[in-house]
Ligand SMILES: *Cc1c(COP(=O)(O)O)cnc(C)c1O
């Protein structure tokens, strides 16, 4: 597909999407197909010859749509909302075109900076305590995760790392594996399944705290379990509270639970994936009272804030807790706006610095057998030998400069 065809097909696709959404009510919200329906409708092997675009689009109506559960239908009342909106779809399109992967500042500065600033905006809308806002004197900040499941896992792993370090500070003879086997995490019996899964992935025990008659966890129940577990030689280290459980939108009593977690040196994570967007409304903000005790907090704009999946926003009280728990820094992720204290290989480093500053081509280094190596990867779909030759001339020229 060339640019001319993309323009034409793009317009067609926009029309198809607008028609789909305008007329979605006419489609049955839940598909009438049996498991395995799709296999008989498509070839068993990937075609060797490309299909014609018009035929592919026809197949969308013939093969795909009959098997779609229409989450955007006004008759869809299942699970939870999967937000979608026209501006969010257009933004996704732009993201597709820029096609950058913002894993570090240098990998695309606008990406990192926009994320940080907008999570400050969003955090302020929720009236999060100042220590969660990056552009303040605090040590915290917000970061986008793909899903709430991921945010919970991140918080649990960060808490696990912190707990092991704390135990080993006072008891250096205790081995990590032994400490890990004693760690206990807690969550409501009404918590989302992803919370239990986080403990499975994190390899730690998780105990489910019984709820009261509103399906919420109160302080008394947690305290009782902590006493039992401490007496049994276990190490409570993490509690995941839910504000707005998926089943019944119950709110754990975080004003009671928070102080307990703080006293017991336990990490409190708040999973507000489902209901969190509502805290923007002043009339619902009191439900977030107690957030000041939390170490991390998460909610899903992709559920209720008209942002297409996936956008799950997470704030931590101390950025360093998360950064410290996951720190591995391959050389290709280092960039000039980061300290570097290496003494050898200066020539290659100087050359790379010149290349970076010239802004004509872009490379990152790697380390091979102790050498600082300039790594040249052909990345773009449209790179041809002319571009490679131009790059080589540029490198040669810069390496000869005094
Ligand atoms: C939906 C939901 C989740 C999982 O959200 P994902 O972003 O799909 O991982 C977690 N917790 C609660 C309370 C939820 O409602």
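The values are calculated or read from the model by the stated rules, or taken from the named source; none is laboratory data. Predicted model, so just to flag it, every value in this text is computed and none were measured. Glycine also receives a Cβ, built like all others from the backbone with ideal geometry; neighbour counts cover every protein chain displayed.
A few remarks follow.
- Any hit, segment 292-305, residues being over 23 Å from the mean Cα position of the chain (by Cα) and farther than 14 Å from residue 125 by Cα: no
- Given (1) within 15 Å of the ligand (Cβ to nearest atom); (2) without any contact (Cβ under 8 Å) to a residue 40 or more places away in the chain, number of the condition residue 281 does not satisfy: (1)
- Exclusive hit being surrounded by fewer than 10 Cβ atoms within 10 Å (Cβ to Cβ), farther than 25 Å from residue 113 by Cα and modelled with pLDDT of 90 or more, set 373, 382: 382
- Residue 330, sole failed condition from (1) in contact with a strand residue (DSSP E or B) (Cβ under 6 Å, 6 or more places away or on another chain); (2) at pLDDT below 95; (3) closer than 22 Å to residue 109 by Cβ: (1)
- Pick from segment 304-323, criterion assigned to a helix (DSSP H, G or I) and touching a helix residue (DSSP H, G or I) at 6+ places or on another chain (Cβ under 7 Å), ranking: nearest to residue 154 (Cα to Cα): 322
- Of the criteria (1) without any contact (Cβ under 8 Å) to a residue 60 or more places away in the chain; (2) in contact with a helix residue (DSSP H, G or I) (Cβ under 9 Å, 6 or more places away or on another chain); (3) more than 16 Å from the ligand (Cβ to nearest atom), which one residue 251 fails: (3)
- Residue 265 meets the conditions (1) in contact with a strand residue (DSSP E or B) (Cβ under 9 Å, 6 or more places away or on another chain); (2) farther than 22 Å from residue 128 by Cα; (3) part of a loop (DSSP other than H, G, I, E, B) in every case but one. The failed one is (2).
- Residues (buried (at least 20 other Cβ atoms within 10 Å of the Cβ) and either within 16 Å of the ligand (Cβ to nearest atom) or within 17 Å of residue 260 (Cα to Cα) (or both)) located in segment 203-220: 206, 209, 211, 216, 217
- As a summary of the residue check, residue 171 satisfies the conditions (1) over 21 Å from residue 294 (Cβ atoms); (2) within 16 Å of the ligand (Cβ to nearest atom) except for the one numbered (2).
- Hits in segment 20-41 - residues which are out of contact with any helix residue (DSSP H, G or I) (no Cβ under 6 Å at 6 or more places or on another chain) and either closer than 27 Å to residue 2 by Cα or part of a helix (DSSP H, G or I) (or both): 20, 21, 22, 24, 25, 26, 39, 40
- Hey, residue 114 part of a helix (DSSP H, G or I) and either over 30 Å from residue 97 (Cβ atoms) or touching a residue at least 40 places away in the same chain (Cβ under 8 Å) (or both) or not: no
Condition check ((1) within 13 Å of the ligand (Cβ to nearest atom); (2) more than 21 Å from residue 116 (Cα to Cα); (3) at pLDDT 95 or above) across all residues:
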position	(1), (2), (3)
264	no, yes, yes
274	yes, yes, yes
287	no, yes, yes
296	no, no, yes
317	no, no, yes
320	no, no, no
